[in-house]
Amino acid sequence: KTLIIFFFLIPTSISLGQVTHVDNQTFEDGGSSFLNGITFNSDGTKMFTSYSASTGNDDIDFINEYDLSAPFDISTHTYAGDSERCNLANGYDSGVHQKPENIGDMTFSSNGMHIFTLNRGVNNADNDVLYRYDLTKPFDVSTCTLAQQADAETSGALNDWRSGAVGDNHKYHHMQGVAISPDGTKVFISFNGTGGGAANGKDGIREYTLSTPFDITTLTHEDDAGILLPNSGGSLNPDAIHLSANGKRIFVVYHGGNTSATLVEQYSLSIAYDTTNFTLDGAFDVDAAVSGRSITQGRALAFSALGLKMFVSNDGGNHGDDFETIYEFDLSCPFNIISSASCQTYVSKDRTSMAEAQAELAKRTINLSTNSALNRLKWIRRNQDKQNLSNQNIKLNFSNNLISSISQLPISSFK
């Protein structure tokens, strides 16, 4: 007989860089406004949003929590309630900390036990600060306590566009976005440095190293790293940033202005979590992708764990949207919003691994099937001259007449 094996492998061609708007939802629970950060827990069943102002709460900032009945699907959200949110004043000491009152972007540590957020230096205030909040239970923001803070100028006097002193934090030179590597040794912060006549007034993403993982008091600036922004025509005021799962891509959303479109830029890094060498892949126009809405005040940015969904927020009020809105997009290629050949390279290892796994499974199936049959044939061949093929030479006696009739069969062991 001939054994026929069929191999079912994943095709090598894919649709690249396609982004589709699928939903938008309003998030203004608990009197919160100016939505500046979006992040999720590991499996996407919880979503968190940070706000830089909360009416009726003495300008105390909060991080709200939402339950999602379908992972990473904002249409299934339910507000967990005021009692489940993080009051960013928890643990605040006026003698030790800068008051957290202009909160921007945020991100979790990989184990869900720390929240990293920042105070945006606005209105000519010299108050750019990076905060760490500690939780007693993973991703339970109601247990948050302010534990650490660090000024972005901790490393001292710096120069050139990749570093640049940040001591003179005026309205057009303030931090807004933050991201951290899974091992807690790298922190990335976006700065709005355009205009204002500052000597180093340029937008940029700066890279910092933590000598002790997740300990922001050990923060040191990487002078030879960083990304100069903007590189897309018309984009200004970089806000939230996000890292791809493998650290080889970094995304930044531009807050823009009342008349500027919201853009998301995509950069590829030569080395994971290292901005020393980077390539601008391009920019995605969020405003153009959503019909019937004016998205000119983009702030928060997030992706699903597998990179197949992207989330961008827009200001409410008089800034082109009626409410604090999050827009959800489907991506045809993981962590890729630009149509380019680089997407193929980015996912090729995953696709190759899947194909190799299928081939290995087929190989093992073949070996198991053929070895079983061949072993049986080998045993029969070894014993072809034997009349008694019972290795145990069992002799059975039965009182039941029906069963005892088996003794008539030509098997010598049944007597």
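Sorting K248, K186 by accessible area (1.4 Å probe), largest first, what list results?
Working: K248 70, K186 40 Å².
Sorted descending by solvent-accessible area, the residues read K248, K186.
What does the extension gain come out to for S294 and D82, with contour length at 0.36 nm per residue minus their alpha carbon separation? Write out the running numbers ahead of the final one.
Numbers: separation 212, 0.36 × 212 = 76.32 nm, distance 3.00 nm.
Here the segment from S294 to D82 would lengthen by 73.3 nm.
Please compute the length gained on full extension between L308 and D285, using 0.36 nm multiplied by the number of residues separating them and subtracting their Cα-Cα distance.
Working: separation 23, 0.36 × 23 = 8.28 nm, distance 1.75 nm.
Extra length from L308 to D285 when fully extended: 6.5 nm.
Under a plain spin-label model, where a point goes 7 Å from the Cα along Cα-to-Cβ, how far apart in nm are D330 and A272?
Taking the simple label geometry, D330 and A272 are separated by 2.9 nm.
F335: accessible area at probe 1.4 Å, nearest 10 Å²?
10
Can you pull the one-decimal nm distance between simple spin-label points at D134 and K378, each 7 Å off the Cα toward Cβ?
If labels sit at D134 and K378, their model points lie 6.2 nm apart.
Could you pull the accessible area for K46 with a 1.4 Å probe, rounded to 10 Å²?
Counting only protein heavy atoms, K46 exposes about 50 Å² to solvent.
Taking 35 Å as R0, compute the FRET efficiency from the Cβ-Cβ separation of D93 and S211 and round it to 0.05.
Details: r = 25 Å, r/R0 = 0.71.
With a Förster radius of 35 Å, E is 0.90.
Can you pick out the pairs among K99/K186; K46/K309; K186/K248 whose Cα atoms lie more than 18 Å from each other?
Values: K99/K186 25 Å; K46/K309 15 Å; K186/K248 13 Å.
Result: K99/K186 exceed 18 Å.
The values are calculated or read from the model by the stated rules, or taken from the named source; none is laboratory data. What you are looking at is a predicted structure, and each value in this text was computed from that prediction instead of being measured. Neighbour counts run over all protein chains shown; Cβ positions are idealised from the backbone, glycine included. The protein model used for the area step is the full one, side chains on, heavy atoms only, and it has no ligands, DNA or RNA in it. Shrake-Rupley method; radii C 1.70, N 1.55, O 1.52, S 1.80 Å.
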